[in-house]
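Peer 1: Can you keep this structure in mind? I'll have questions shortly.
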Ligand code: SAH
């Protein structure tokens, strides 16, 4: 996997003295692109963008990131946005396998981290079953990096010793039935909720029924790390009303818990 190709674009940083991995034909790299700001890509992601023949990307991978790809790379949009028609997961997986079998260097680029509510595991398993060689490149997840850009640390030593990452959406688009909201409400001081805006009302009601205080701080960060980032600070009791009157639209990360108050100094 050592690069000997003189035609690779210059890649200034060194890899601890070792060459950067060469993207071999027929491979799929399952790669996180971070929450949106191109500066939050990893060096492995940048190296991948410079070599890939085909990039299969999500809606959450912004234009600024795709600009870093090889100019002649083929770009395939495989967006899965709630409520809009989107390719089926099996179709995306089949496409990755077929592109790899054609000998392409296939970069499967996903928002955030591929293994955090990103179906990276499903795609990796399908590739493994099909005998396609692949590599996994983690990314900065929106629930950590996106909140950091809003001045919210997901843990703070004197405030919380735990944090729970949840999805507000299940496969059918409903609030997930497998989440025991009462248990979550009791167990974790800080909750970071992905894909939760649509069902915000139901989520906050379940948390308050389980004993979380109506005046507990909540932050909702939309388009985190991007030029259009918005941060709404509210409370569990007012979150639904305030989000509606602010006209917030996804993608949104919702953070519930006392760390939200640290924004005052950190944002
Ligand atoms: N794998 C991704 C999450 C994919 S699920 C990650 O690790 O970040 C999609 C959800 O991620 C969105 O509904 C939203 O909750 C969150 N998300 C991703 N990018 C975001 C951004 N820039 N701003 C706010 N939320 C974002």
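Read the figures in this text as sums done on the coordinates, not as results from a lab. Quick caveat, the model's predicted, so the values are computed rather than measured. Cβ atoms come from the backbone with ideal geometry, glycine included; neighbour counts cover every protein chain shown.
Peer 1: Could you tell me what percent of the DSSP beta bridges with both partners in the chain are antiparallel, to the nearest 5? Show your work: numbers first, answer last.
Peer 2: Details: 19 of 41 bridges.
Given both bridge residues lie in the chain, the antiparallel proportion sits at roughly 45 percent.
Peer 1: Determine, from the Cβ-Cβ distance of residue 174 and residue 245 and an R0 of 25 Å, the FRET efficiency 1/(1 + (r/R0)^6), rounded to the nearest 0.05.
Peer 2: Numbers: r = 25 Å, r/R0 = 0.99.
Between residue 174 and residue 245 the formula returns 0.50.
Peer 1: If you don't mind, another one. Assuming R0 = 30 Å, what is the FRET efficiency of residue 135 and residue 167, from their Cβ-Cβ distance, to the nearest 0.05?
Peer 2: Details: r = 26 Å, r/R0 = 0.85.
Result of the calculation: an efficiency of 0.70.
Peer 1: Using the alpha-carbon atoms, what tilt in degrees (0 to 90, nearest 10) does helix 200-209 show relative to the longest principal axis of the chain?
Peer 2: 50 degrees
Peer 1: Another question about this same structure. Run the quick spin-label model on residue 214 and residue 74: label points 7 Å from Cα toward the beta carbon, then report their separation in nm to one decimal.
Peer 2: 5.7 nm
Peer 1: Using 0.36 nm per residue, how much length does the chain from residue 98 to residue 229 gain when fully extended, once their Cα-Cα distance is taken away?
Peer 2: Numbers: separation 131, 0.36 × 131 = 47.16 nm, distance 3.69 nm.
Contour length minus Cα-Cα distance gives 43.5 nm.
Peer 1: Grab the eigenvalues of the alpha-carbon gyration tensor for the range 143-266, scale each by 5, take roots, and send me the semi-axes largest first in whole angstrom.
Peer 2: Details: eigenvalues 75, 62, 36 Å².
The three semi-axes for the range 143-266 are 19, 18, 14 Å.
Peer 1: Could you work out the helix-only [θ] at 222 nm for the chain, with each DSSP H run of four or more residues adding -39,500 (n - 2.57) and the total divided by the number of residues, to the nearest 500 deg cm²/dmol?
Peer 2: Details: 8 runs with 64 residues, N = 267.
Mean residue ellipticity, 222 nm, calculated: -6500 deg cm²/dmol.
Peer 1: Distance in nm between label sites at residue 90 and residue 265, each 7 Å beyond Cα in the beta-carbon direction?
Peer 2: Output for this residue pair reads 5.4 nm.
Peer 1: Which shape class, rounded, prolate or oblate, goes with the range 28-140 when its Cα gyration tensor gives a ≥ b ≥ c as root eigenvalues, a/c under 1.5 marks rounded, and past that a/b bigger than b/c marks prolate? Mind dumping the intermediate values first?
Peer 2: Values: a/c = 1.38, a/b = 1.15, b/c = 1.20.
Taking the square roots of the gyration eigenvalues as a ≥ b ≥ c, the range 28-140 is rounded.
Peer 1: Follow-up. Using DSSP, restrict attention to beta bridges with both residues in the range 143-266 and report what percent are antiparallel, rounded to the nearest 5. Numbers along the way, then the final one.
Peer 2: Values: 16 of 21 bridges.
Of those bridges, close to 75 percent are antiparallel.
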